[in-house]
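Trainee: After the structure tokens below, expect a handful of questions from me.
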Amino acid sequence: LGNAGTGKSWFQMYVLMQLMSCDSDNRAFDIVIRQVGSSFFLIDLDETAVYLWEIPPGRLRELSKAMRRTLYFFEPGNDSYSPPADVFVPSLSTLSPCVARLKEYKKDFCKTVYFWPWSSGELH
């Protein structure tokens, strides 16, 4: 979590860069699914290729059950109403402290980390 302008979106790019720079034998993930608003991108780390993935969010839930070595990124973008996809893979979401979105997002297994240098009180 972090306020606007703190670099939350760029943090996803930093993580992606770190994954791409790892040897595939030492990398925990081969595929990254990145949702930005209502758009989905499939990133093949082995091929260093990015694809616009036109998939209904409900279908992604079923597909993610079979996806091994996949990481999911969620970035609401300018669309503050797009919910994150319901997936069965590890996730990294970079969010502003919007109470309505967080309430829904934190229902299931979620660990909240405040984007440096902010604390919960400083976000509001």
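The values are calculated or read from the model by the stated rules, or taken from the named source; none is laboratory data. This structure is a prediction, so every number in the text was calculated from the model and none was measured. Cβ placement follows ideal geometry from the backbone for every residue including glycine, while neighbour counts extend to all protein chains displayed. The area values use the complete protein model at the heavy-atom level, side chains included, leaving out ligands, DNA and RNA. Shrake-Rupley method; radii C 1.70, N 1.55, O 1.52, S 1.80 Å.
Trainee: If ligands, DNA and RNA are left out, what is the accessible area of Arg69 with a 1.4 Å probe, given in Å² to the nearest 10?
Mentor: 100 Å²
Trainee: Moving on. Restricting the calculation to Cα positions, tell me the Rg (one decimal) and the Dmax (whole number) of the range 1-68 in Å.
Mentor: 13.4, 36
Trainee: Quick one: if you stick a label point 7 Å off each Cα along the C-beta vector at Thr112 and Ala28, how many nm between them?
Mentor: A separation of 2.2 nm, rounded to one decimal place.
Trainee: Calculate, for Ala66 and Ser9, the FRET efficiency according to 1/(1 + (r/R0)^6) with r their C-beta to C-beta distance and R0 25 Å; round to the nearest 0.05.
Mentor: Efficiency computed from Cβ-Cβ geometry: 0.30.
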